[in-house]
C-alpha cells in the first residue's frame, strides 16, 4: 500500500513537470525597469503572462488576475520562474519585483527591534510594490491591481505577509515559502498557503506560524516539508520545485472550481546540507 502511494505521488510529480514544461512555451516573459524619481531608485520587474490570456485582456474581454512574487534575500527576482510560469499558466499576470540593489546595506539582525530590525526592508518592499503597480496600470491596464495574490520566499514571504497586514482589502490569497519574521494573518479574510522547511539554520520566530487549531479556523494551509530553506527557488532541485508547484497548483485550482481545499499532505524531498 505504501509503495502504491509512493508510485502515485511520483507519477503526480512527473505529470506536473510535464504540464508546466509544455505550458511555459505559451508564456511570454518581459523584463522592465522603472525609475522612481522620488526615491532615486530603479525598480525592475519581470512579467510572465500566458499569450492567449494577454490577447483576451488586450481586447477588453477579461481582466487578468495579478500575482506579485517577492524574492528572498540575495536571490534575484528572476530566480522564481517555476512559480511565475505556474501562475501564468493558471491565467495570472505574474509580476516578479527586484527589491534589493547592490548599493543597499546587507540584511542585518537587530534583536529587540520590530521584526529583528527588518521593518525598513519590508517598508522598502511595500514601496517597490506600490510603485510597480502604478507603472503597470499604464503598461497593462486590463489587469486587477486591487485584488492581489502575494507570493514570497523567506524575506520576500515576510514582505508578502506585511503587505497583507497593511492592505487586507487588496488581498485574494497569500503563498509563502518559509517566511520567518512576520506573523500570519489569522482573521480568515483570505486564504494562506505556507511551505515550511526542515532546516536547522532557518527557524521562524515565535508566534509566526499559528498552531493547528488556529490554522483550521482561519483557513491556513501549512505544508511541513523536508526541504532546506535555500532550496525553495530556481536554485533548488527539480523534485523540490515540482512538489511545491504541484501543491500550489492544487491550491489555485480549488479556488477556480469553487471547492474547499483539503489540507495538503506533508511533502518531502532529498535534503542536501546547505548553509
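Quick notes on this structure:
- Scan of the range 165-189 for residues that are without any contact (Cβ under 8 Å) to a residue 24 or more places away in the chain and assigned to a loop (DSSP other than H, G, I, E, B), ordered by number: 167, 189
- Within the range 187-211, being within 23 Å of residue 66 (Cα to Cα) and surrounded by fewer than 24 Cβ atoms within 10 Å (Cβ to Cβ) holds for 187, 188, 189, 190, 191, 193, 194.
So that you can scan it fast, the table gives a plain yes or no per residue for (1) touching a strand residue (DSSP E or B) at 6+ places or on another chain (Cβ under 9 Å); (2) surrounded by 20 or more Cβ atoms within 10 Å (Cβ to Cβ); (3) more than 24 Å from residue 31 (Cβ to Cβ); (4) touching a residue at least 60 places away in the same chain (Cβ under 8 Å):
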residue: 99; (1), (2), (3), (4): yes, yes, no, yes
residue: 105; (1), (2), (3), (4): no, no, yes, no
residue: 108; (1), (2), (3), (4): no, no, yes, no
residue: 134; (1), (2), (3), (4): yes, no, no, no
residue: 142; (1), (2), (3), (4): yes, no, no, yes
residue: 150; (1), (2), (3), (4): yes, yes, no, yes
residue: 156; (1), (2), (3), (4): yes, yes, no, yes
residue: 162; (1), (2), (3), (4): no, yes, yes, no
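- Scanning the range 84-114 for residues that are within 20 Å of the chain's Cα centre (by Cα), over 19 Å from residue 133 (Cβ atoms) and in a helix (DSSP H, G or I) yields 85, 86, 89.
- Number of residues in the range 54-83 that are out of contact with any strand residue (DSSP E or B) (no Cβ under 8 Å at 6 or more places or on another chain) and assigned to a strand (DSSP E or B): the value is 0.
- Yes/no for residue 89 being within 19 Å of residue 195 (Cα to Cα) and in contact with a strand residue (DSSP E or B) (Cβ under 7 Å, 6 or more places away or on another chain): no
- Residue in the range 227-240 that is closer than 20 Å to residue 77 by Cβ, in contact with a helix residue (DSSP H, G or I) (Cβ under 7 Å, 6 or more places away or on another chain) and surrounded by fewer than 22 Cβ atoms within 10 Å (Cβ to Cβ) present: yes
- Condition met for residue 144 (modelled with pLDDT of 95 or more, under 22 Å from residue 178 (Cα atoms) and either in a helix (DSSP H, G or I) or more than 11 Å from the chain's Cα centre (by Cα) (or both)): no
- Filter pass, residue 122 being outside any strand (DSSP E or B) and either modelled with pLDDT under 95 or closer than 29 Å to residue 246 by Cβ (or both): no
- Some residue of the range 192-208 being modelled with pLDDT of 95 or more and part of a helix (DSSP H, G or I): no
- Within the range 231-262, considering residues that are outside any helix (DSSP H, G or I) and over 20 Å from residue 202 (Cα atoms), the one modelled with the highest pLDDT: 257
- Only one entry in 13, 86 is under 30 Å from residue 180 (Cβ atoms) and either out of contact with any helix residue (DSSP H, G or I) (no Cβ under 7 Å at 6 or more places or on another chain) or modelled with pLDDT under 95 (or both), namely 13.
The values are calculated or read from the model by the stated rules, or taken from the named source; none is laboratory data. This structure is a prediction, so every number in the text was calculated from the model and none was measured. All Cβ positions, even for glycine, are placed from backbone atoms using ideal geometry, and neighbour counts span all protein chains on display.
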